[in-house]
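**Q** Mind having a look at this structure? Questions to follow.
The values are calculated or read from the model by the stated rules, or taken from the named source; none is laboratory data. On a predicted model such as this, the values are computed, not experimentally measured, just so you know. Quick reminder, even Gly has a Cβ in these numbers, built from the backbone with ideal geometry, and neighbours come from all protein chains shown.
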Amino acid sequence: MTQTDVAELLRRTRVEVAPATFYLVGLRPEDWARLLENPELSPRPTAPFMLLRDAHEVTLLVEEEDWRPMRHALRDARVEGGFRLLTLDTQLPWNVVGYLARVTEILAAEGITVGALSSFSRDHLLIKQDDLGTALRVLGGHVAELC
């Protein structure tokens with residue numbers, strides 16, 4: 001995909017901002033297993049969340065509403081809060097090259113730290129609440145719509 005094609009994809013992109021504030025939580029696998037044993041500590045099934053288990057840790061992204069009841073059970077977890085979740089709402093085929101790189105380049109030029117997440121067909125960004133206004137302002141010049 002050429003730079004022109006990426007620019008065109010960006011021009012068709014809607015940026016949706018989730019209304020909730022999110023927490024990113026790094027857990028030991030045994031702490032995740034303990035959470036699974038107690039359904040009251042699990043994220044709500046209708047709320048957006050992400051779970052990634054790799055060889056080093058379990059990473060959980062949850063809305064603040066879901067973090068509050070589980071935090072007492074995860075005192076040893078590494079926690080970073082105050083994130084907003086932006087969805088780059090355009091379906092991306094797997095042969096697209098450079099789309100996310102261009103988005104993060106635009107934000108990096110303004111000194112905005114980004115956590116990038118990808119679902120099957122869309123990319124998502126974690127941005128600190130304090131940077132949200134600037135992020136939307138700079139992305140607004142490149143995308144179809146901000147929601």
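**Q** Residue by residue through segment 94-108, note down the ones that are loosely packed, with under 15 Cβ neighbours inside 10 Å and touching a Ser or Thr at 6+ places or on another chain (Cβ under 8 Å).
**A** Within segment 94-108, none qualify.
**Q** When you scan segment 117-147, how many residues do you find that are acidic (Asp, Glu), over 26 Å from Arg53 (Cα atoms) and surrounded by 13 or more Cβ atoms within 10 Å (Cβ to Cβ)?
**A** Here the count works out to 1.
**Q** Specify the residue that is nearest to Leu85 (Cα to Cα); the eligible residues are those in segment 28-59 that are surrounded by 14 or more Cβ atoms within 10 Å (Cβ to Cβ) and among the hydroxyl-bearing types (Ser, Thr, Tyr).
**A** Filtering segment 28-59 for residues that are surrounded by 14 or more Cβ atoms within 10 Å (Cβ to Cβ) and among the hydroxyl-bearing types (Ser, Thr, Tyr), the one nearest to Leu85 (Cα to Cα) comes out as Thr59.
**Q** Any residue in segment 85-110 that is at positive phi sitting within a Cβ distance under 9 Å of a residue that is surrounded by 12 or more Cβ atoms within 10 Å (Cβ to Cβ) and not hydroxyl-bearing (Ser, Thr, Tyr)? List the pairs, counting only those 6 or more apart or interchain.
**A** Gly98/Met1; Gly98/Asp5; Gly98/Val6
**Q** Out of the residues in segment 25-64 meeting the condition of being under 24 Å from Leu132 (Cβ atoms) and more than 16 Å from the chain's Cα centre (by Cα), tell me which one is modelled with the highest pLDDT.
**A** Result: Thr46.
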